[in-house]
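Everything on this sheet refers to the single structure shown next.
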Amino acid sequence: MRTLDWQEPLKLDLFPYREDPRDALRESVAALRALDERAALLPLDELRAARERHDAMTAQRIVRTALLGA
């Protein structure tokens with residue numbers, strides 16, 4: 001979203017049938033914020049280069065490492 005300069009809100013599609021709606025919202029927002037922080041670690045130049053080479057496994061490795069740290 002950063003590279004697209006997205007200015008619109010992100011929307012959550014929640015259906016907390018058994019869960020407390022406020023708790024479901026808090027957890028979803030916390031997850032999105034954590035993903036956003038990890039996504040900032042993506043080496044976009046490396047990811048673009050892998051995409052240009054059509055190297056799906058390297059692209060997957062780059063994203064996995066940035067998001068999961070493993």
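Shape of the chain from its Cα gyration tensor (a ≥ b ≥ c, root eigenvalues): rounded if a/c is under 1.5, otherwise prolate when a/b > b/c, or oblate?
Prolate shape, in that a/c is at least 1.5 and a/b is the bigger ratio.
Accessible area per residue of the chain at 1.4 Å probe, in Å²?
I get 90 Å² per residue for this part.
How high is the FRET efficiency from Arg2 to Arg61, r the C-beta distance, R0 22 Å, rounded to 0.05?
E between Arg2 and Arg61, to the nearest 0.05, is 0.55.
Once phi is turned into θ = phi - 60°, what whole-Hz ³J(HN,Hα) does the Karplus curve with 6.51, -1.76 and 1.60 give for every residue of the stretch 51-56, x standing for Gly and Pro?
For the stretch 51-56, the Karplus-derived couplings read 5, 4, 7, 6, 9, 5 Hz, x marking Gly and Pro.
The values are calculated or read from the model by the stated rules, or taken from the named source; none is laboratory data. If you're wondering where the values come from, they're calculated on a predicted model, not measured in any experiment. Note that each Cβ is placed from the backbone with ideal geometry, even for glycine, and that neighbours are counted across all protein chains shown. Ligands, DNA and RNA are stripped out before the accessible areas are found, and what is left, the full protein with its side chains, is counted by its heavy atoms. Shrake-Rupley method; radii C 1.70, N 1.55, O 1.52, S 1.80 Å.
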